[in-house]
1. Taking the alpha-carbon centroid of each part, what is the distance from the range 171-214 to the range 75-150 in angstrom?
2. To test your reading of the geometry: what angle, between 0 and 90 degrees and rounded to tens, separates the Cα axis of helix 137-149 from the longest principal axis of the chain?
3. Pop a pseudo-label 7 angstrom from the Cα along the beta-carbon direction at both residue 88 and residue 104 and give the gap in nm to one decimal.
4. Taking the Cα atoms only, what angle lies between the long axis of helix 167-184 and the longest principal axis of the chain, rounded to 10 degrees?
5. Helix 107-120 versus the longest principal axis of the chain: what angle, 0 to 90°, nearest 10, using Cα atoms?
6. Can you give me the relative contact order of the range 131-222 as a percent, contacts being Cα pairs under 8 Å and 6 or more apart?
7. Over the chain, one equal point on each Cα, no solvent: what is log10 I(q)/I(0) by the Debye formula at q = 0.12 Å⁻¹?
8. Between residue 116 and residue 14, what FRET efficiency follows from the Cβ-Cβ distance if R0 is 45 Å, with the result rounded to 0.05?
């Protein structure tokens, strides 16, 4: 479904990714784990077109997307939940969710998906008219995930979904991640520092160190 081939990404003269190659198969959860600063978020940004690689190739469904604009990449079926959630704090919950469906014009499908995310996270239905910035950290994370789902992605990127959250909330969110994968057959690319947690839900894992993949294998803990 997705393949990265010898990706080299720079911030100015500083090289963040040094020949990263990996693949994601349709219907699976893969995780990219590594320490802070290893290049995990840059990997997602390189795929999404936010920080285009200087060399190498990114292919989605057999098509190179290395020079494709980020909004087009979203419309092709890739959606991202950014690190730190980054919801719209002054918009109400419903408006945040509507932003996720911004590129869609199938009103019935959007309505159906809205009900689906409300079924996943009932608290969002209860607080649909509440400003996003007034939600708790865990609630904001569920809103960020739901906003990404409203784009109806084939491939969902999750960047550090456990960051700054209480263990009980993290457990609930990871259960939902598995549910999304199984019920919707949504392929998931999970970036995490918490290796133990990530490998419990993933099919396969990659280890990133200093901008390079140093290990990959099946996640036998699933």
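Where a number appears in this text, it was derived from the coordinates with a stated rule and is not lab data. If you're wondering where the values come from, they're calculated on a predicted model, not measured in any experiment. A quick note on method: Cβ atoms are made from the backbone with ideal geometry, for glycine too, and the neighbour counts reach across all protein chains shown.
1. 21 Å
2. It is inclined by approximately 80 degrees.
3. Output for this residue pair reads 1.6 nm.
4. The angle comes out near 80 degrees.
5. 90 degrees
6. Details: 86 pairs, mean separation 20.5, N = 92.
Reported relative contact order: 22 percent.
7. -0.62
8. That pair, residue 116 with residue 14, gives E of 0.60.
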